[in-house]
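Encoded as structure tokens, the structure appears first; notes follow it.
The values are calculated or read from the model by the stated rules, or taken from the named source; none is laboratory data. Values in this document were obtained by computation on a predicted structure and should not be read as measured data. Cβ atoms come from the backbone with ideal geometry, glycine included; neighbour counts cover every protein chain shown.
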Amino acid sequence: PSKPQNLTILDVLANSITMSWHPPKNQNGAIAGYHVFHIHDNQTGVEIVKNSRNSVETLIHFELQNLRPYTDYRVIVKAFTTKNEGEPSDQIAQRTDVGGPSAPAIVNLTCHSQESITIRWRRPYEFYNTIDFYIIKTRLAGQDTHRDIRINASAKELETAMILQNLTTNSYYEVKVAAATFSVINPKRIVLGKFSESRIVSSA
């Protein structure tokens with residue numbers, strides 16, 4: 001077969017790339033399916049997309065899964081018949097989106113005053129591109145309603161500390177922290193990481 005036509009990226013996430021293409025103009029037999037080659041760091045993987053029986057699809061959709069976040073991939077598609085593999089499509093290059101950071105580790109949580117507590121945490125050991133901000137969730141122990149505090153962050157800072165104020169005196173608070181990164185594909189989308197384990201402290 002000749003090369004598949006109009007290989008196009010439709011959607012990009014941290015672990016997948018969705019694409020479409022049109023069948024070859026010159027098929028030289030019945031198309032049995034397609035090989036989708038994906039290359040990164042000189043490693044090549046291949047997925048097989050089988051053509052459903054008796055189908056004359058004018059547009060093929062495929063989601064390439066299990067990819068690494070924030071990684072450059074090159075993709076080529078070839079059609080095959082029962083006898084031959086065809087010519088390669090035009091190559092497309094695409095970087096996957098960022099994934100959520102791993103959980104920060106709270107290293108200090110102490111009473112600061114009657115109505116405030118001090119919290120210090122360590123940067124996530126795994127993140128992609130950068131860390132844009134942290135979300136600190138606090139709630140009175142035993143209650144459902146959280147108070148969320150969002151602070152801007154820098155991936156260069158290994159540890160971050162802040163004082164949580166305006167708390168109820170003589171109460172126990174549950175506190176946890178997560179890091180977040182803006183999507184590089186859609187800058188309005190926030191990719192939230194895992195929360196740290198909850199820690200409990202009293203405001204004396």
Every listed condition ((1) of a type outside the set (Gly, Ala, Ser); (2) under 30 Å from residue 68 (Cβ atoms); (3) at pLDDT 95 or above) holds for residue 156 save (3)
- If you check residue 135 against the conditions, is it surrounded by fewer than 15 Cβ atoms within 10 Å (Cβ to Cβ), within 21 Å of residue 110 (Cβ to Cβ), assigned by TED's automatic domain parsing to the domain that holds residue 112 and modelled with pLDDT of 95 or more? no
Exception for residue 53 within (1) at pLDDT 95 or above; (2) in a loop (DSSP other than H, G, I, E, B) falls at (1)
Checking 106, 39 in turn, the sole residue that is under 30 Å from residue 122 (Cβ atoms), in contact with a strand residue (DSSP E or B) (Cβ under 8 Å, 6 or more places away or on another chain) and assigned to a strand (DSSP E or B) turns out to be 106
When every residue in segment 1-19 that is crowded, with 16+ Cβ neighbours inside 10 Å and in contact with a strand residue (DSSP E or B) (Cβ under 8 Å, 6 or more places away or on another chain) is compared, the one modelled with the lowest pLDDT is 1
Exactly one of 199, 189 is loosely packed, with under 15 Cβ neighbours inside 10 Å and outside the structural domain of residue 14 (by TED's automatic domain parsing), and that one is 189
Selection over segment 59-98 where residues are within 17 Å of residue 15 (Cα to Cα) and either out of contact with any Leu (no Cβ under 8 Å at 6 or more places or on another chain) or of a type in the set (Phe, Trp, Tyr) (or both) yields a count of 17
By residue number, the members of segment 56-84 that are in a strand (DSSP E or B) and either in contact with a helix residue (DSSP H, G or I) (Cβ under 8 Å, 6 or more places away or on another chain) or not aliphatic (A, V, I, L, M) (or both) are 61, 62, 63, 72, 73, 74, 78, 80
Within segment 65-119, the count of residues that are over 30 Å from residue 6 (Cβ atoms), modelled with pLDDT of 95 or more, surrounded by 15 or more Cβ atoms within 10 Å (Cβ to Cβ) and not aliphatic (A, V, I, L, M) comes to 5
Exercise for review: Looking only at segment 186-194, decide whether some residue is touching a residue at least 60 places away in the same chain (Cβ under 8 Å), among the aliphatic types (A, V, I, L, M) and within 30 Å of residue 74 (Cα to Cα).
Suggested key: yes
Picked from segment 151-204 (must be assigned to a strand (DSSP E or B) and polar (S, T, N, Q)), the residue nearest to the chain's Cα centre (by Cα) is 181
Across (1) in the same structural domain as residue 199 (by TED's automatic domain parsing); (2) over 20 Å from residue 153 (Cβ atoms), residue 38 clears everything bar (1)
Considering segment 66-87, residues that are more than 34 Å from the chain's Cα centre (by Cα) and of a type in the set (Ser, Thr, Tyr), and then whichever is nearest to residue 98 (Cα to Cα), we arrive at 81
